[in-house]
Amino acid sequence: MLSRPMVESLNNQIQLESYSSNLYLQMSAWAEIKGLEGCATFLRAQAQDEMTHMHRLFKYVYETGALPVIGTIKAPPTKYKSVSEVFKQVYEHEKFITGKINELMNLAIAEQDHSTVNFLQWYVAEQHEEEHTMQKILDKIKNIGETGSGVFFIDRAIGALGGEK
Ligand code: OFO
């Protein structure tokens, strides 16, 4: 059984994971419109991953006998200036999410809630992975450069990282 603060914090994370999914899906729409198919495919896959993260939390909460609450998901931005702006925002957002997972973990540890500590380990590892991927993408964008045919090669490189499963 989870404490009330723990349920509230997990529900808040359910909302954040849903927002992350919508954010990346909306970013994929921007990429599609700009003809950046590699980026669009990669971002759609990220959106699917985030939805999976949301469902994991959702299931964990109801399995403990508490009520998962999705709540109101704010609208993500629709306009971006460049590929680098998109991926800088993704990176910043992932760092923000890592902070939120750390807060959840701190609460679970403080409450000696071993089940939730164990459950959250997966998210800690996942955040490490995602931050690393976004760092690599930002390095690629910087190295290739966004002038001339640079955007074409960036799109190809990001597309090669993997898309929808
Ligand atoms: Fe990008 O992460 Fe979910 O948790």
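We did not get these values from a lab; they are worked out from the coordinates using the rules stated. Everything quoted here is computed from the prediction, not taken from an experiment. Here Cβ is always computed from backbone atoms with ideal geometry, including for glycine, and neighbour counts include all displayed protein chains.
Taking other Cβ atoms within 10 Å as a rough exposure proxy, M1, M27, M134 sort from fewest to most as M1, M134, M27.
Label-to-label distance for H114 and K100 is 2.9 nm, based on points extended 7 Å past Cα in the beta-carbon direction.
Listed by Cβ neighbour count within 10 Å, with the fewest neighbours leading, T41, T133, T147 appear as T147, T133, T41. With the biggest extent put first, the Cα atoms of the chain measure 57, 26, 25 Å across the principal axes. Overall shape: prolate for the stretch 100-150, with the ratio a/c of the largest to smallest alpha carbon gyration tensor axis at 1.5 or above and a/b above b/c. Alpha carbon centre of the stretch 118-163 versus the stretch 60-98: separation in Å? Taking the Cα centre of the stretch 60-98 as reference, the centre of the stretch 118-163 is 17 Å away.
Taking other Cβ atoms within 10 Å as a rough exposure proxy, H132, H55 sort from fewest to most as H132, H55.
For K95, the aspartates and glutamates whose Cα falls under 20 Å of its own Cα, not counting residues fewer than eight places away in the same chain, are E17, D49, E50, E85, E103, E126, E129, E130, E131, D139. Inter-label distance, T52 to D139: 2.4 nm, where each label sits 7 Å from its Cα along the C-beta direction.
Which helices of the chain meet both criteria: a Cα extent of 30 Å or more along the helical axis and a mean Kyte-Doolittle score no lower than -0.5, with helices taken as whole DSSP H segments? Counting only whole DSSP H runs, the qualifying helices are 4-33, 83-110.
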